[in-house]
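No value in this document is a laboratory result; all are computed from the given coordinates. Since this is a predicted model, take the numbers as computed values, not measurements. For neighbour counting, all protein chains shown are included, and Cβ atoms are generated from backbone atoms with ideal geometry for every residue, glycine included.
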Amino acid sequence: MASLLTDRALLWLGALLYLAGFLVGLIGLTRRHSPAGLRTMLNILLIGGWGFQWLGLYQRGLAGRGCPLGNTFEIVQFVAWSAMLVYFFVGSTFRVSLLGLFTAGYAATLALVSLLIPQWDLVRGQKLFGNNPWIEAHAALAVFSYGVFGLLTLTSLMQLLQNWSLKNKRLNGLFWFLPSVVQLEQINYRLVLLGVTLLSISLSVGAAWWVRNIESVHLPKLMVTVGVWLAYLIVLLLRWRGRLVSVRFAWVCLILFGLALLSLGPVNADRHGYQPVILTPR
Amino acid sequence: MASHPAILFQLGASHHTASLAVREKLALDAARASALASRLGQIAEVGEFALVNTCNRVELYGVASSNAAFPALHAALSAVTGCTTAELDSVVILRQNEAAIGHLFAVAAGLDSQILGETEILGQVKQAYEAALAQHWTGPVLNRVFQKTFQAAKHIRTNTGIGAGQISIATVAVDLAGRIFGELAQTKILVVGAGDIGLKTVQAFQSRGATAITVASRTLAKAEEAAAHAGGWALSLADLPAAIAEADIIASSTSSPDFILTRELIEAGIKQRPARPLFLIDLALPRDVDPATAELANVFLYNLDDLAEIAEENLAQREAEVAKCQAILADRTAALWPQVAHSLNAPHAS
């Protein structure tokens, strides 16, 4: 039995539970008043999915003797896992309706896509962090901040939908359940603040080691990483000054996350001490 | 000698059967309600009773040992309200046993209300029952029926869309404000024009916790009068630009033939508070708010037609839920009736 629960099997279970959660949430959307207990079922599925994903990543971490960020597959899984973790805090603190459904859909998509593209998991870096826990923390925090920005993208999307719904007087269906404009504004502001803080800490830790060995990080990775951080920092400052709000803020967050996701490719391909290992093709 | 089973009854009138004029005559204030209860207590054939008395209905629920109770109930109602027997005969309906249970279920669930699906009636039925319980007017039959009624009404609220969406102009506006601001306690409301519809809208906002109300009118005296009524501040239209910058919600209902809230005025106002949305409610005919303001980011404009259309949509959705609610309540009535019938057969029932 234990041999059946390989890391990928656990990650599959996690992804399927996220998908089930998403489908349960969709059922609730078909009526204005969801049957009692649907929300509880959604949360149980998401917690279960997150737990299996955690176990799967943990197994891979044990095998790789480090944080499971060895290839695109692991990074994407980690981003989905982080987004779900942030949702558990944000969802329970702000009681944002529909965010569970959106997060379930988002996490299920990331997790399933990463599982369905074998090429992402054929090669895995070894000794990525040179046995240095600080570099490992730097990488983990950076990817975790992507999870936060992912959730920010979802709340931005919800804000765009709510804005469209109110402007066009289309208030039923999915729009009926959306949180208020002000609530979404507040959550977006806090999420961008949290994401920038985490990424800043991550880059500070990375920079502290980088100055000791400047050649350890190549220019493309440096530029992309600092570029993403700077872009989110500017968004945060503009939001703070009230210069970038509402729909424009939401659009910028959506576009920026798309670009940030694309940046994962160059960052992942340009690792310090990258020693690729060909895994057995599955 | 064979004993007859007792009868569970509902006897009364509502907006379905009685005109407003008759309902006004039937209406029971505290003194009349007490007088009626006193008379009911003296009818030998009536074992238990409760009085549901709202602006739209006067209904007696009770347990009678025989049909002889009903003329006496009519007489009591006639004596207390001053309605003639003929008047009562034309509006009062008597339902017995299973039909009485079904009716009470429908009333508590808001299916029988003038505003379909409204929730206030459940509280009123609860109050009526608690008053009867406190006075020891109820017994095992009514206690069971009312408890099951509350369970059924709660089930309907939770599992159907009968109470979803608002169906009056003022409450639709409040509902929309909730979608924009969430909690309304912290929102600042500016009412332009001291008309009746604006003030009614303010009342709806106040019922949801809004406290910061400002009334602006062409004449300051009128604004002050309306503000005193609404418990807010007053200002003249000359101070409107500054007030717009402060307001979260603006409800306008003047009789001006031109736009009072122009795009330029609103644009200047929101520039001073860009992060907060602005909800404009145009309750005037001809319109007070320039439709071009709707193009501004973070500004949400709704006029009378928009609000009426939403109210109609919500009502249609509530109506679509009625059949589902009736089926649920019919099942619950059928499940409860054998238990009640058993109690009615027991010696204590009458």
Any lysines with Cα under 29 Å of the A:LYS169 Cα? List them, leaving off those in the same chain fewer than 8 positions away.
B:LYS188, B:LYS200, B:LYS271, B:LYS324
Expressed as a fraction of 2.2 N^0.38 Å, the rule-of-thumb size for a compact globular protein of N residues, what is the C-alpha radius of gyration of chain B?
1.25
Anchor A:LYS221: lysines whose Cα lies under 29 Å away (excluding residues fewer than 8 positions away in-chain)
A:LYS127
proj_area_mean for chain A (convex hull on C-alpha atoms), units nm², value 15.5 nm²
Please work out whether the protein assembly as shown counts as rounded, prolate or oblate from its C-alpha gyration tensor, where a ≥ b ≥ c are the square roots of the eigenvalues and a/c under 1.5 means rounded, while otherwise a/b larger than b/c means prolate and anything else oblate?
oblate
Length gained, B:ALA75-B:ALA228, 0.36 nm per residue minus C-alpha separation, equals 50.5 nm
Per residue of segment B:311-319, in order, report the coupling 6.51 cos²θ - 1.76 cosθ + 1.60 (Karplus, θ = phi - 60°) as ³J(HN,Hα) in whole Hz, putting x for Gly and Pro.
4, 5, 4, 5, 5, 4, 5, 5, 4
How would A:PHE149, A:PHE73, A:PHE88, B:PHE181 line up from fewest to most surrounding beta-carbon atoms within 10 angstrom?
A:PHE88, B:PHE181, A:PHE73, A:PHE149
Virtual paramagnetic centre 7 Å along Cα→Cβ of B:ALA68, amide N under 18 Å, in segment B:26-50:
B:40-48
Under the rule rounded for a/c under 1.5, else prolate if a/b exceeds b/c, else oblate, using alpha carbon gyration tensor axes a ≥ b ≥ c, segment B:7-159 is classed as oblate
Under the classification rounded if a/c is under 1.5, otherwise prolate if a/b is larger than b/c and oblate if not, where does segment B:169-309 fall, given a ≥ b ≥ c as square roots of the Cα gyration tensor eigenvalues?
rounded
Order these by the 10 Å Cβ neighbour count, fewest first: A:CYS253, B:CYS55, A:CYS67.
B:CYS55, A:CYS67, A:CYS253
So for the protein assembly as shown, taking the charge dipole from beta-carbon charges (+1 Lys/Arg, -1 Asp/Glu), which of A:PHE88, A:LEU13, B:GLY12 sits furthest toward the positive end?
A:LEU13
Cβ density ranking, 10 Å radius, fewest first, applied to B:HIS136, A:HIS218, A:HIS138 yields B:HIS136, A:HIS218, A:HIS138
Separation of the A:LEU62 and B:ASP331 label points, Cα + 7 Å toward Cβ, nm
4.8 nm
To the nearest 10 degrees, how steep is helix B:30-42 against the longest Cα principal axis of chain B, on a 0 to 90 scale?
10 degrees
Going Cα to Cα from B:LYS126, which lysines come in below 18 Å? Please leave out same-chain ones fewer than 8 positions away.
B:LYS148, B:LYS154
How about segment B:164-257: which GluC sites (Glu not before Pro) there are in a DSSP loop, with at most 15 other Cβ atoms within 10 Å of their Cβ?
B:GLU183
